[in-house]
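Peer 1: Structure in structure tokens, see below.
What follows is calculated from the coordinates using simple rules that are stated; it is not laboratory data. Please read all numbers here as calculations on a predicted model, not as lab measurements. Heads up, the Cβs are rebuilt from the backbone with ideal geometry, glycines too, and the neighbour counts pull from every protein chain shown.
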Amino acid sequence: MSVAAFMFPLLFVLVLTGIPIAFSLIVVSAGAGLLAFGPNAFGQLYGSFYSAATNFILSAIPMFVLMGAILERSGIAERLFRVMQIWLGRLPGGLAVATIAMGAVFAAAAGVVGAVEVMIGMMAIPAMQRYRYKNSLIAGTICAGGSLGTMIPPSVIAVMYAALAQISVGELLAGMMLPGLLMIVLFIAYLIIQGMIDPPEAVDFVDDVTTMSLRDKLWLTFTSMLPICALIFAVLGSLLAGIASPTEAAAVGAVGALLLCILYGRFSLPMLSESLKITVRISAMILLIVAAGTMFMGTFAANGGSRLIRDAVQAAGFGDAGMIVFFLLIVLLLGFVLDWTANVLICVPLFAPFIRQAGIDPVWFGTMAIIVIQTSYLTPPMASSIFYLKSIAPPDMTYGQMCRGVVPFILLQLATLAIVALFPALATWLPDQIVGF
Amino acid sequence: ADVTWQVPTSVPEGSPFYVNFLERFADNVDLLTSGRVEIEPFGAGVLVPALQVYDGVRDGIIQAGHSTPSYLVNQDPINAVFAGFPGGMGPEAYITWIYEDGGKEALYDLRASEGFKSLVVGIGSSEIMAHSNVPIKTAADLKGMKYRTSGPWAEVMREYFGAVPTVVPPGEIYTLLQRKGVDLIEWGPPSANLPEGFHEAAKYIIVPGVHQPTFLWEVVLKQETWDALDDDLKPLIEKAAEITTMEGLIHFYSADVKAMETYRSGKNEIITLDPAFVTELTDAGVDWITKKAEAEKEAGKPAMDELLTRYKAFEATWSAESKYLIRNQD
Amino acid sequence: MTRLFAIVDGISLVLSRIADGVAIVLVTSMIFEVVARYIFSAPTIWAFDISYMCTGTLFILGAAYALREDAHVRIDFLAEKLPPRLRRGIEGVVFFFLLMPIFAGLSWFAINRALRAWTTAEVEMVSPWAPLMWPFYSLLALGLVALTLQVAVQGLRAFVGQTRSSFDLEA
Ligand code: NA
Ligand code: NA
């Protein structure tokens with residue numbers, strides 16, 4: 001039995017005894033590294049750390065966190081949610097729907113997952129708590145909304161996946177579009193239906209706005225919606241117009257948020273300093289997990305991890321369907337502990353030859369693999385999106401509540417996966433229509 | 001196997017360079033040594049950082065590594081002569097220089113001075129000069145154009161043609177080209193660009209690849225790792241490297257013309273530059289590297305200038321006397 | 001002991017304040033690049049390098065203070081059921097006897113890497129700007145050393161029962 005096979009169980013033990021995720025990963029990686037590289041292990045581990053520390057794509061994380069921290073302090077979120085209460089007051093679960101919508105919008109601007117989640121979480125948690133939403137629903141909504149960045153183009157994951165699998169980036173991005181929309185529709189439909197059966201708002205919040213005149217309502221709406229629309233326009237627009245690359249768009253967002261803050265008269269140096277502090281703390285947490293995951297991947301591969309999986313596939317002699325299920329399960333399992341970059345780096349080169357050989361449509365398979373990567377972020381006990389949420393969650397929100405909250409959304413993602421599996425055209429039709437110029 | 005080397009490269013697993021150079025080398029070594037030496041290939045960024053393969057070998061983390069002198073040009077410009085530079089020799093002439101007329105020995109001496117044993121594993125075909133949102137036909141068309149490129153070509157474009165070299169990280173090139181955030185990009189030879197999908201993002205394809213007429217990859221080991229091998233294995237591994245390079249180049253030719261056919265039959269417009277403009281670009285590239293070599297010489301490092309002189313002498317002979325060759329071009 | 005803890009905490013705090021500034025540099029350099037490229041058609045040759053170096057620096061300079069603040073996420077629903085003394089014991093052993101030597105090894109390599117970059121005047125591999133790399137390597141080494149110290153202190157604190165982690169409140 002190879003060393004690689006023992007890395008996962010050991011990791012689970014450490015994590016479950018309450019050692020921080022990043023440090024658990026580092027302990028296991030160092031052990032496996034010493035076995036593979038002897039005294040040179042520290043050089044190898046440092047290399048993985050260096051790769052993560054110099055990955056330009058990860059720059060989006062601090063900038064989106066900063067954007068969220070500033071927006072949280074700008075009063076914009078409050079006003080925005082107040083506007084929603086005016087107009088969506090009769091729609092039970094309106095805030096949750098709005099959170100998913102916001103996740104989808106910023107997903108279209110961001111390629112990296114943790115970033116959007118932390119950003120919308122900082123704004124939406126206080127608002128939803130004010131209306132006494134259950135913690136589990138809050139957690140589920142934010143994790144699900146924040147993880148949409150994987151599916152909605154541009155997605156750095158998709159670009160990297162396509163390059164590794166030697167398939168067209170444009171086709172994969174187009175292939176993911178309909179399944180991504182389907183997922184958003186399912187999320188929103190679920191929240192509305194669930195809200196009608198059991199309205200999540202535990203306070204009657206329509207009261208305090210009934211006394212407002214229509215004029216005041218419209219004025220508040222205008223002054224609240226306009227700036228946030230401008231911000232979305234700046235981030236998305238700069239990307240779509242080719243002014244900024246996906247990573248640079250995050251910087252546009254951070255500066256935009258700062259300008260809005262100044263505009264609303266909420267800017268102060270202590271407020272900026274507080275936002276920066278939060279940015280550094282959360283980014284350090286997320287990036288240390290990414291760096292540790294990179295170390296884990298390197299030592300896993302050096303100890304024959306890829307060979308372990310490859311041999312298992314060959315020994316099992318799967319049919320096409322069996323092979324697809326097996327591959328997707330591996331992606332799900334690795335997704336528990338590895339950051340998506342590491343997951344894609346290990347899995348795609350491993351699977352691509354088998355997929356090609358079996359004549360399976362690689363865009364269809366790629367779309368399903370990316371849905372599964374997104375699902376693995378959400379699936380307890382090891383779920384990146386829950387880790388990230390923990391960093392901004394109020395103390396009264398427990399891990400158990402978070403795990404319960406994501407369950408319905410996991411089921412909806414699996415439903416999306418099943419639909420794509422049964423109707424491959426959902427992933428393969430659009431690319432034929434739109435790819436090109 | 002008696003000897004197993006985990007060998008990382010600087011490109012992702014599955015990419016044409018990985019398959020065509022490193023995997024092919026692993027197979028050839030296995031074949032020629034009857035399985036006594038096993039090369040276990042690894043894609044970029046798994047064992048060591050993608051661009052630090054040479055460092056990984058130097059630090060003893062890996063026994064051998066596969067990379068290109070291109071990544072060493074910033075540190076020591078003499079590597080530009082081996083990496084393939086703007087206006088330099090094309091693959092036919094270059095591979096002849098490397099194997100028959102002193103190139104390989106010069107490279108191996110340079111690496112020996114750094115403590116490495118080098119084996120040439122991979123010589124490439126010419127790259128596509130640009131996937132472009134704008135048609136480029138004359139030098140004037142380049143002026144002010146945002147061009148994603150790097151290395152010597154970036155300097156030639158800025159200094160001689162007034163273009164605007166732009167740094168774009170690999171994962172974002174496609175998006176920025178498609179959104180017209182940059183006007184042109186260059187990446188690799190036709191068959192390597194095909195899976196990157198650039199032809200779907202921009203209409204025009206500009207050839208020939210004056211900026212990168214060929215390129216070279218090598219496997220490096222510490223000299224003591226090499227010395228520790230059984231003496232009968234050394235010539236077998238060297239032969240495996242040589243065969244890999246020959247097969248790899250021919251495979252690139254084959255895959256490249258098929259890729260060009262795919263581009264031509266699709267929605268792209270392929271622009272073949274006028275010979276006069278090609279000469280203009282070539283001269284600028286050669287002028288750039290000549291000045292670089294002179295600057296090195298003035299700084300007390302004459303090696304690059306001496307190497308370039310030998311390189312140019314061979315190129316002059318090749319240019320003057322290779323007209324007897326049938327090249328089958330329209 | 002308390003004095004040692006205070007010194008290490010102080011170092012971590014200072015580095016994380018520097019990281020705050022680095023975050024500003026990161027955003028500024030990216031916006032500068034966007035404006036320079038789009039409006040003035042004159043992209044910089046340095047923004048890309050500065051951006052990735054800022055991200056790496058802000059993360060490693062902030063990591064030690066994040067540990068001090070117990071901001072590195074842990075899953076404690078099972079661990080909460082362990083007796084606090086056992087849990088502190090595990091924490092102490094893992095941090096002091098496993099993580100401290102690991103981070104010491106990483107720091108040692110990082111320092112030597114920075115020294116090599118300094119003595120060989122190493123420059124960026126592929127950047128047209130080709131900046132000297134030793135400042136960046138030194139910052140990474142500095143962050144790792146601070147993290148090593150904080151990891152050691154975290155382990156010692158667990159042994160003497162004064163970590164900042166939630167489980168001490170129960171103890
Ligand atoms: Na996205
Ligand atoms: Na190139």
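Peer 1: Only counting other Cβ atoms within 10 Å, I'd like B:H251, B:H211 sorted with the fewest neighbours first.
Peer 2: Fewest-to-most Cβ neighbours within 10 Å comes out as B:H251, B:H211.
Peer 1: Also: If we count other beta carbons within 10 Å of each Cβ, what is the order of A:S275, A:S224, fewest first?
Peer 2: Ordered from fewest to most neighbouring Cβ atoms within 10 Å, A:S275, A:S224 come out as A:S224, A:S275.
Peer 1: Computed FRET efficiency, Cβ-Cβ of B:K297 and A:D198, R0 60 Å: what is it to the nearest 0.05?
Peer 2: 0.15
Peer 1: I would also like to ask the following. May I ask what percent, to the nearest 5, of DSSP beta bridges between residues of chain B are antiparallel?
Peer 2: Here the share of antiparallel DSSP bridges comes out near 50 percent.
Peer 1: Right, another one. Okay, which of the range A:242-257 sit inside 15 Å, backbone N to the point 7 Å along the Cα-Cβ direction of C:T28?
Peer 2: Residues passing the 15 Å test: A:255.
Peer 1: Still on this structure, I have one more. What Rg and what Dmax come out for the range A:235-298 when only alpha-carbon atoms are used, in angstroms?
Peer 2: That works out to 15.8, 49 Å for Rg and Dmax.
Peer 1: At 24 angstrom or more along the helix axis (alpha-carbon based) and mean Kyte-Doolittle of 0.5 or higher, what helices does chain C contain? Whole DSSP H runs only.
Peer 2: C:2-38, C:47-68, C:100-119, C:134-160
Peer 1: Let me know the whole percent of all Cα-Cα pairs from chain B that are separated by more than 31 Å.
Peer 2: 32
Peer 1: What's the extension gain from B:E105 to B:D330 if we count 0.36 nm per residue and subtract their Cα-Cα distance?
Peer 2: Here the answer is 77.4 nm.
Peer 1: Right, another one. Suppose we look only past 51 Å in the calculated P(r) of the protein assembly as shown. What percent of the Cα-Cα pairs does that tail hold?
Peer 2: It works out to 18 percent of all Cα pairs.
Peer 1: Ok, one more. Can you compute the FRET efficiency between A:A312 and B:K234 using 1/(1 + (r/R0)^6), with r the Cβ-Cβ distance and R0 = 41 Å? Round to the nearest 0.05.
Peer 2: It comes to 0.65.
Peer 1: Above 30 angstrom, tally the Cα pairs of chain A and express them as a % of all pairs, no decimals.
Peer 2: Looking at chain A, the distances longer than 30 Å represent 44 percent of pairs.
Peer 1: Now, a different point. Check the straight Cα-Cα distances from B:K203 and name the lysines below 30 Å, setting aside those fewer than 8 residues away within the same chain.
Peer 2: Reachable lysines: B:K137, B:K143, B:K146, B:K180, B:K258, B:K267.
Peer 1: Helix A:214-240 versus the longest principal axis of chain A: what is the Cα-based angle in degrees, 0 to 90, to the nearest 10?
Peer 2: Helix A:214-240 sits at roughly 30 degrees to that axis.
Peer 1: Once both labels are modelled 7 Å past Cα along the beta-carbon direction, what's the B:T138-B:T279 spacing in nm?
Peer 2: 1.7
Peer 1: Does anyone have the angle between helix A:135-146 and the longest principal axis of chain A? Alpha-carbon axes, 0 to 90°, nearest 10?
Peer 2: 70
Peer 1: Work out how much length A:V407 to A:M225 would gain on full extension: take 0.36 nm times their residue separation and subtract the Cα-Cα distance, in nm to one decimal.
Peer 2: Separation in residues times 0.36 nm, less the Cα-Cα distance, equals 62.3 nm.
Peer 1: While we're on this one: Output the DSSP H helices from chain B with an along-axis C-alpha extent of no less than 24 Å and a mean Kyte-Doolittle hydropathy no less than -1.0.
Peer 2: B:233-265, B:275-298, B:303-321
Peer 1: Still on this structure, I have one more. Mind giving me the nanometre distance, one decimal, between the label points for A:A101 and A:I262, set 7 Å out from Cα along Cα→Cβ?
Peer 2: Output for this residue pair reads 3.0 nm.
Peer 1: Whole percent per 10 Å bin, from 0 to the bin with the longest distance: what is P(r) over all C-alpha pairs of the range C:2-170?
Peer 2: 10, 30, 28, 18, 10, 3, 0
Peer 1: Using R₀ = 22 Å, calculate the FRET efficiency as 1/(1 + (r/R₀)^6) where r is the Cβ-Cβ separation of B:D287 and C:A130; round to 0.05.
Peer 2: 0.60
Peer 1: Now a separate question. Taking Cα pairs under 8 Å and at least six residues apart, what relative contact order does chain A come out at, in percent?
Peer 2: 28
Peer 1: Taking every alpha carbon pair in the range A:24-108, what does the distance histogram look like in 10 angstrom bins from 0, in percent?
Peer 2: In whole percents, the pair-distance histogram is 14, 26, 19, 16, 16, 8, 1.
Peer 1: Relative to the first principal axis of the alpha-carbon coordinates of chain A, what is the inclination of helix A:246-263, with its axis defined by its Cα atoms, in degrees from 0 to 90 and to the nearest 10?
Peer 2: That works out to roughly 20 degrees.
Peer 1: Name the aspartates and glutamates eligible as straight-distance cross-link partners of B:K239: C-alpha to C-alpha under 13 Å, and not fewer than 8 places from it in the same chain.
Peer 2: Here the aspartates and glutamates satisfying the reach criterion relative to B:K239 are B:D27, B:D30, B:E247.
Peer 1: Here's a follow-up. Taking every residue in C:86-94, how many Cβ atoms of other protein chains lie within 10 Å of its Cβ, on average?
Peer 2: For peptide C:86-94, the averaged partner shielding equals 2.
Peer 1: If you count, for each residue, the other Cβ atoms within 10 Å and average over each peptide, how do B:148-158, B:267-277 line up from highest to lowest?
Peer 2: The most tightly packed comes first, giving B:148-158, B:267-277.
Peer 1: How crowded by other chains is A:31-43, given as the mean number of beta carbons from other chains within 10 Å of each beta carbon?
Peer 2: Across the residues of A:31-43, the mean count of other-chain Cβ atoms within 10 Å is 4.
Peer 1: Under the rule of -39500 (n - 2.57) per DSSP H run of 4 or more residues, summed and divided by the residues of chain B, what mean residue ellipticity at 222 nm is obtained, to the nearest 500 deg cm²/dmol?
Peer 2: -14000 deg cm²/dmol
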